[in-house]
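Rule-based calculations on the coordinates, nothing more; no lab input. The structure displayed is predicted, hence computed values, not measured ones. No Cβ is skipped: glycine too gets one built from the backbone with ideal geometry, and neighbour counts run over all protein chains shown.
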Amino acid sequence: MRAETFEAKVRQALYAGRRWHPAEIAFWLIAFAAFLLFPSHLLLLNEIAILALFALSLDLILGYAGIVSLGHAAFLGMGAYAAGLFAKHVGGDPLAGLVVGMGAAGLLGLVTSPLVLRGTDLTRLMVTLGVALILYELANSFGSLTGGADGLQGITMGPVIGLFDFDLFGRTAYLYSLSVLFVLFLIARRVVHSPFGLSLRAVRDNPLRASASGVPNARRLAAAYTIAAAYAGAAGVLLAQTTQFVSLDVLDFHRSADLMLVLIIGGAGYLYGGLVGAIAFKLLQDAIATFTPQYWMFWIGLFLVLFVLGGREIIHGGIKAVAGRFARLGRGGA
Amino acid sequence: MLTILFDGIAYGMVLFVLGCGLSVTMGLMNFVNLAHGAFAMLGGYVAVQAMQRLGLPFLASLPLAFLAAAVVGIVLERLIYRPMYAKSHLDQVMFSIGLVFMAVAGTDWLMGSTQQFIHLPAWLQGRFEIAGVGIGRYRLFVIAICGLLAFSLQWGFTRTRFGSRLRAAVDDARVARGLGIPVNRLFALTFALGSGLAGLGGALGIELMGLDPSFPLKFMIYFLIVVTVGGTSSITGPFFAAMLLGVADVVGKYLVPQVGAFIIYALMVVLLITRPHGLFARARA
C-alpha cells in the first residue's frame, strides 16, 4: 500500500514538470505576437530566435547532460555551411536545407561524441575548443568549396513550403525561424521529460550511481551530444538561409564564448534559460552597439568576469526568487 | 632544412618562456588561466612603448617588460583571481576568457589594432652561416636567453628551498599547508613570476610571432598545448612540449603552408584523447 502511494507520488512529481505552465503559453504567444508588435525590428527578432535555438542546444548538453563545451560553434558552422552549399549546388528549398544541415551537424556530433565522453571537464573544454578550431582552419583552407575568408556567396533561397518568399524586412525570416525554434523546442521539451531525459540528469548528477542502476552512460551522453549538435546545426541553417550568406565568422571562437554568456544570463538546466538569455543578450548587444559599436568585445568580457565573480546563478536565481515570492503572495491572498 | 629546425627551436624556446608560468599556476592552484596570453601581450606592448616613447635600448626594455607583467600579475591575483580558485573549471575558463576579451578590446582601444614592430639593434640583425646552416642572430640570441632561463628555472625548481616548497605545494597543497608552507603567498609569488616570464616572452617574441591586440586569443591554444602535453609537475615537461610544438609548427608551416594551424590543433586533440587522464591527473590529486 505504502509502496503504491510512494510510486504515485513519484509519478505525479515527474508529470508535474511535463504539464504546460500558463507562463509558458504566454511566452510563446508573446513571441509570435512580436511579429505584429515590432514590425520594424524583425531582423533583430530573427537573430534572437536563432541565438535562442543555439542556446537551447548548448543547454541540452550543459544543463541536462553536464557536458561542458567551448566549441559549440563547430556545429553551428557545420549546419550553416551544409545548408549554404546545399542551397547553392542542389536546390533552394529551405526545409530540405534544414534537414540536410541538421543531419550534417548531427553526424559531426555523433562522430566527435567519443571525444567528449572521456576525461575531466578541463579536457572536454579543450577538446571541444580544438574541434571547433580544426573546423575553422578546414573551412579557411578549403577556399574553393567554402569561399574561405570571403565567405560563401551566391546562395539563393526558394520560398518556405513553396509559398512564402524571404524579404528584406525579415518578415518571412522571423516567422520561419520562430516556427523552427518552436517545433524543436517542443521536441526538446518532450525529450528532457522522457525517461531518456531523466536518465541524462541522473548521469549528470552522479555518473557512478547512474551506471550502477543500469543507465548506459556513454551511449546516453553520445545521444544527447548528437541531438544537441543537430540543434546547433539547425541554428546554423537558419542563419545561413535567412542572411543568404555564410562566412568563417560562424565558426569563430567568439560564437562559443557568446553562447556561454547567453546561458549564464539565462541560467542552464531549464529549457527557457537559453531563450531568456538570448533575448537579454541581443537587447544588451543592441543597446551597447548604439553608443559604442566597436568595443562590444570589451563589454562581453566585462560581463563574463562580473557574472562569474558574482556567481553564475545570480540573474535567474533572482528571477526565481521574485517569482516564488509572487506565487506565495498569490496563494496567501486566495 | 636545418635552418628551419633552428627557427623552430627558437620559436619553441619563446613558447616555453611564455607557457611555463601557466603550467606552474595550473599545477599549483588547479586554476585554468586562459588570460595568460594577456600578460604576454602586456609585456610586448611595454617593450614596444619603452623603446619608441622612452628611447630605451632593446636590452633595457626586456626587464621592464618582465617587471610590468609581474606587477600587474600580482595585483590582479590579489584583487580578482583569488575568489576564483574554489570555483569549477567552467567558471574559471569563462572568467579568464572574459579577461582575455577585455584585454583584447582594451588594447585595441588604447594602442590601435595595427601590428607592432620593434627596431632591433644592429648586432642582432641579419644572419650568418655555419657549415651551410643559416643562423639568424636574433634567433640565436633568443635561444641563448631562453636556454639560460630554462636552466635557472630548473635549478631553482629542484635545488632551492623555494623550489622544494613549490613542488610540495603542487603535489599536495593540503599537506603542504599543514606543514606550514604558506601556499597562498607561494602562489602569489609564483603567479607574479609566471606572469613576468610571460611578459618577457611576449617582448622577445615580437620579432618571431608578431604583436597585435588579438595576440592572447591567437596564442591561447599554444600555451594550453604546452601545458597539457608537458604536464604540470616539472619544468622539463613543458620545455620539451614547447620544443616539439615550436618545431612542428614552424616545419609544418614551411612545408605545407596551406593547412596552416591545422596540424597544431589536430595534435592537441589527439594528445588529449590518447592521454585524457594522464595530463591533468597530478593537478587533480
Read phi for every residue in region A:230-241 and hand back ³J(HN,Hα) as whole Hz from Karplus 6.51 cos²θ - 1.76 cosθ + 1.60, θ = phi - 60°, with x for Gly and Pro. 5, 5, 4, x, 4, 4, x, 4, 4, 4, 5, 6
Using R₀ = 45 Å, calculate the FRET efficiency as 1/(1 + (r/R₀)^6) where r is the Cβ-Cβ separation of residue A:164 and residue B:125; round to 0.05. 0.10
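Charges only on Cβ, +1 for Lys and Arg, -1 for Asp and Glu: so what's the dipole of the protein assembly as shown about the Cα centre, in debye to the nearest 20? Don't skip to the answer; put the middle values down first.
Numbers: 42 positive and 27 negative charges, 471 e Å.
Computed charge dipole of the protein assembly as shown: roughly 2260 debye.
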Burial-style ranking of B:71-78, A:48-55, average other-beta-carbon count within 10 Å with highest first, yields A:48-55, B:71-78
Between region B:29-82 and region A:208-253, what's the alpha-carbon centroid distance in Å? 39 Å
Relative contact order for region A:186-314: what is it in percent, counting Cα pairs under 8 Å that are at least 6 residues apart? 14 percent
Cβ-based exposure ranking for A:245, A:38, in which fewest neighbours within 10 Å come first: A:38, A:245
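Could you work out the relative contact order of chain B, using alpha carbon pairs under 8 angstrom and six or more residues apart, expressed as a whole percent?
40 percent
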Run the quick spin-label model on residue B:185 and residue A:36: label points 7 Å from Cα toward the beta carbon, then report their separation in nm to one decimal. 7.1 nm
Please compute the average number of Cβ atoms from other chains found within 10 Å of each residue's Cβ in peptide A:124-135. 6
Quick query: amide H of residue A:246 versus all other amide H atoms, modeled in the peptide plane; which residues come in under 5 Å with a sequence gap of 5 or more or a different chain? A:152
So what J values fall out for region A:59-66 if you push phi through Karplus, 6.51 cos²θ - 1.76 cosθ + 1.60 with θ = phi - 60°, rounded to Hz, Gly and Pro as x? 4, 4, 8, 7, x, 9, 9, x
Pick out which of B:255, B:245, B:120 has the largest mean-square fluctuation in a Gaussian network model of chain B, springs linking Cα atoms closer than 10 Å. B:255
Residues A:24, A:137 in order from fewest to most other beta-carbon atoms within 10 Å are A:24, A:137
Compactness ratio of chain B: Cα Rg over 2.2 N^0.38 Å, N = residue count? 0.98
Along the positive direction of the dipole of the protein assembly as shown (beta-carbon charges: Lys, Arg +1; Asp, Glu -1; about the Cα centre), which of A:277, A:81, B:190 reaches farthest? B:190
Reference-scaled alpha-carbon Rg (2.2 N^0.38 Å with N residues) for chain A: 1.02
Viscosity 1.306 mPa s, temperature 10 °C: what is the translational diffusion coefficient of region A:162-270 from Stokes-Einstein with a Kirkwood Rh over Cα pairs, rounded to a whole number of µm²/s? 97 µm²/s
Chain A, relative contact order in percent, only Cα pairs under 8 angstrom and at least six apart counted: 30 percent
Quick one: helix A:22-37 against the long Cα principal axis of chain A, what's the angle to the nearest 10°, folded into 0 to 90? 20 degrees
Any idea what % of Cα-Cα pairs in the protein assembly as shown are farther than 34 Å? 47 percent
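Would you mind computing Rg(Cα) / (2.2 N^0.38 Å) for region B:1-111, counting N as its residues?
In units of the globular-protein estimate, region B:1-111 measures up at 1.21.
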Kirkwood-based Rg over Rh for region A:68-146 (C-alpha set), two decimals? 1.04
Fraction of alpha-carbon pairs in region B:110-238 farther than 17 Å apart, rounded to whole percent, equals 70 percent
Could you work out the Rg to Rh ratio of region B:155-231, with Rh taken as the Kirkwood radius (inverse of the mean 1/r over all Cα pairs)? 1.08
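Give the average, rounded to an integer, of partner chain Cβ atoms located within 10 angstrom of each Cβ in B:82-95.
5
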Please check: in the Gaussian network model of chain A (C-alpha springs, under 10 Å), which one of A:80, A:96, A:228 has the largest mean-square fluctuation. A:96
Please arrange A:246, B:100 by counting, for each residue, the other beta carbons lying within 10 Å of its beta carbon, fewest first. B:100, A:246
Cut-off 14 Å between beta-carbons: net charge of the residues surrounding residue A:197, Lys and Arg +1, Asp and Glu -1: +4
Helix B:36-52: angle to the longest alpha-carbon principal axis of chain B, degrees 0 to 90, nearest 10? 40 degrees
For the Cα atoms of chain B, what angle does the longest principal axis make with the long axis of helix B:137-159, in degrees from 0 to 90, nearest 10? 20 degrees
How much net charge surrounds residue B:168 when only other residues with a Cβ under 12 Å from its Cβ are counted (Lys, Arg +1; Asp, Glu -1)? +3
Among B:42-51, B:102-111, A:142-151, how do they line up from the highest to the lowest mean number of other beta-carbon atoms within 10 Å? B:42-51, B:102-111, A:142-151
